[in-house]
Amino acid sequence: MEIFNYMEQYDYEQLVFCQDKQSGLKAIIAIHDTTLGPALGGTRMWTYDSEEAAIEDALRLSRGMTYKNAAAGLNLGGGKTVIIGDPRKDKNEEMFRALGRYIQGLNGRYITAEDVGTTVADMDLIHEETNFVTGISPAFGSSGNPSPVTAYGVYKGMKAAAKEAFGTDSLEGKVIAVQGVGNVAYNLCKYLHEEGASLIVTDINKEAVQRAVEDFRAKAVDPNEIYSVSCDIYAPCALGATINDETITQLKAKVIAGAANNQLKDIRHGDTIHEMGIVYAPDYVINAGGVINVADELQGYNSDRAMKKVDGIYDNIAKVIEIAKRDNIPTYKAADRLAEERIERIRNSRSQFLQNGHHILSRR
Ligand SMILES: NC(=O)c1ccc[n+]([C@@H]2O[C@H](COP(=O)([O-])OP(=O)(O)OC[C@H]3O[C@@H](n4cnc5c(N)ncnc54)[C@H](O)[C@@H]3O)[C@@H](O)[C@H]2O)c1
Ligand SMILES: CC(C)C[C@H](N)C(=O)O
């Protein structure tokens, strides 16, 4: 990959490589765009096949956060960290503290939180070194684990997408295929089960599947079977790129609505599902609940205020569907339009210089 070419093509601001020999930390912090405010996005720990794959993931995920934060109406830019390693065996205290010092070095340009492979306990270790971390233990006045709130937002957004496809937002009696039943999807399944939906689940982790089968009377299928099952809604809640050339032809669902980031392998897959008449709830709009929740910490965390904003995901998905219909474009493009237009409006409204007291001359 020609890194600077790629960064120029999609307007990335900064890429930081973090190395700490003692702890084994190898991490990449990508800051995509800070027009709206400091870049906020989680830290992912994953066993990448190559350094290039890790860089690519950090870049793609950080740009996704720019769009997610903008579309959610947050005054935050987009960033993400990836740590190269196995979250089940490579973690140690020094690693997260070393990362915390790198984040501190960015002096607030980037704020982190949880993502796949990291936990509240990991964020607490980062917090030993920097305040630029959210989703730490509630004992610190923080919002804690964002996953249940992400799940609630996905549930709300799924209802809005169902209204478009089925004429009602009730999920009672709907068959929903859930791919990956980890932190977010377990909580999502709880809402869906309570509303009377029938669940088909899969996961590469057998214990996670068993838990969903026992707690929600879900039917289990093998990971490769989830795309072709007969269902009303497909909920991708594992990793990205599961909407691709191989899977699209197998899909029977009328709605795609799930928590995973970067669900479309390529944007052309968003065009294909649009042509097939599938209602697609764009990933970064529907899964914004977690970031909305942790972002509330910047004002002093208030759960009621945060949940009210997360409720707004229903209207945001409805708005994206409306724009798509009005402009006769796929929903993924409508979501991009919503985010890009907001960033441009704010960028332009800041065209006048404002003395903000941060200039060294103001302190002389
Ligand atoms: N946690 C949040 O608040 C949050 C917020 C926004 C977006 N997301 C996204 O939602 C997705 C899920 O996040 P999470 O926090 O629940 O992660 P998680 O790691 O707890 O859950 C993911 C689950 O997917 C399973 N999985 C991985 N590959 C699979 C495959 N090929 N087939 C079936 N199952 C597979 C894993 O075993 C795991 O149980 C991720 O893409 C994440 O980036 C999470
Ligand atoms: C909680 C958030 C800051 C990060 C979350 N993993 C996301 O992708 O939105």
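Normalised by 2.2 N^0.38 Å, where N is the number of residues, the C-alpha radius of gyration of region 40-164 stands at 1.10.
Of all beta bridges that DSSP places with both ends in the chain, some 35 percent have antiparallel geometry.
One compactness figure for the chain is 0.97, namely its Cα radius of gyration divided by 2.2 N^0.38 Å. Helix 147-166 axis versus longest C-alpha principal axis of the chain: approximately 40°, rounded to the nearest ten.
Projection of the Cα convex hull of region 165-287, averaged over all directions and equal to a quarter of that hull's surface, yields 6.7 nm².
Per DSSP H run of at least 4 residues, take -39500 (n - 2.57); add these up for the chain, divide by its residues and hand me the 222 nm value, nearest 500 deg cm²/dmol. Per the formula, -13500 deg cm²/dmol. For region 89-244, the share of alpha carbon pairs falling in successive 5 Å distance bins from zero is 2, 9, 16, 17, 15, 12, 11, 9, 6, 2, 0 percent. Evaluating kT/(6 pi eta Rh) at 4 °C and 1.567 mPa s, with the Kirkwood radius of region 83-137 over Cα pairs in the Stokes-Einstein relation, gives 117 µm² s⁻¹. If you wrap the tightest convex hull around every Cα atom of region 189-237 and split its volume per residue, you get 73 Å³.
Taking 18 Å as the limit for the C-alpha separation, the pairs Lys68/Lys91; Lys68/Lys333; Lys265/Lys319; Lys91/Lys265 exceed it in the case of Lys68/Lys91; Lys265/Lys319; Lys91/Lys265.
Bear in mind that the values in this text are calculations on the coordinates, not laboratory data. If you're wondering where the values come from, they're calculated on a predicted model, not measured in any experiment.
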